[in-house]
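The values are calculated or read from the model by the stated rules, or taken from the named source; none is laboratory data. Quantities reported herein were computed from a predicted structural model and do not represent experimental measurements. Counting neighbours? That spans all protein chains shown, and the Cβs are built from the backbone with ideal geometry, glycine included. All accessible areas refer to the heavy atoms of the entire protein, side chains included, with ligands and DNA or RNA removed. Shrake-Rupley method; radii C 1.70, N 1.55, O 1.52, S 1.80 Å.
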Amino acid sequence: MSWLLDERTELESLGAGHYRRTIDDGEFWGTGSPFGGYLMALAFGAMEREVDDADRRPRIYTHQFLRRIPVGPLDIVVTTERIGSMVHSVTARLLVGDDTVGVASGMFTRDREGPEYLDEPLPEVEPPSEPGGTDVPGWATNVHARFTPHRRVGEDGHVVPNEDGGWWVSNEPGPWDHRLALMASDVWPPPVIRHPERMSATPSLHHVVHFGPDVGGTADQILLVRHRATGGHVGLTDEDITLWADDGRLLLKARQLRTVIDLARIDRRALGDLTG
């Protein structure tokens, strides 16, 4: 079992779509709050348990990060909005006590006939290097220690102004599914952070994911992620994210909206309060 898919994402069911997880400041801690990809994996896991239908694939997941989440109990309450012949729609509220700290939604769909094509194949890049990978920045958070990065998007290890990415190799490989894909879509440092002229803090505000039709794999399969910063304006930045498995499958396409704040203006300890 993968490090992500074992007890570290296990949820306590309280009945009627209500789940709970006690959050700590250990391996999934980000900067002043739990890592966003981990929160998405937890909320998605609760949705998947509520849908409970192997014939409906996860296709869309969205998450709004509303406030910093402290150490302690996190409740996830899932509501089924509609079950149609093809689409099962659900929403989830993430709660700390009575305070809503996140809102998520998901769509799970049945297969039907349609065109088969892939216009964005796996890029032709070198495989992961041995024995080590790319050094992560000195400010890397706890969750970055769970992976070894191998940069493949960039020039001579330097970030292209609007792109960054590469192979993410889990340090505890095991079978994986949509939860790991969500984590991997968010864990690579966004390009704007490493740009020499735009060093900044970038708390997530909104993350939307469109899953491919076949997400999941075995311990020997690794993931390639590419981030493209598409624009910065009025204190926000947009980025496009693409994630592939090394066998060529497109696992997801995502878009993320972030707050961008110059590090010279803030204290690291305050980063968790930037969206609250």
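Annotation note: GluC sites (Glu not before Pro) in region 7-90 located in DSSP loop regions with a Cβ neighbour count of at most 15 within 10 Å are Glu10, Glu27. Note on Ile83: accessible area is roughly 100 Å² with a 1.4 Å probe, heavy atoms of protein only. Note that region 1-48 presents 37 Å² accessible area per residue, ligands and nucleic acids not counted, probe 1.4 Å. Scoring 218-224, 187-193 by mean Cβ neighbours within 10 Å over their residues and listing the highest first yields 187-193, 218-224.
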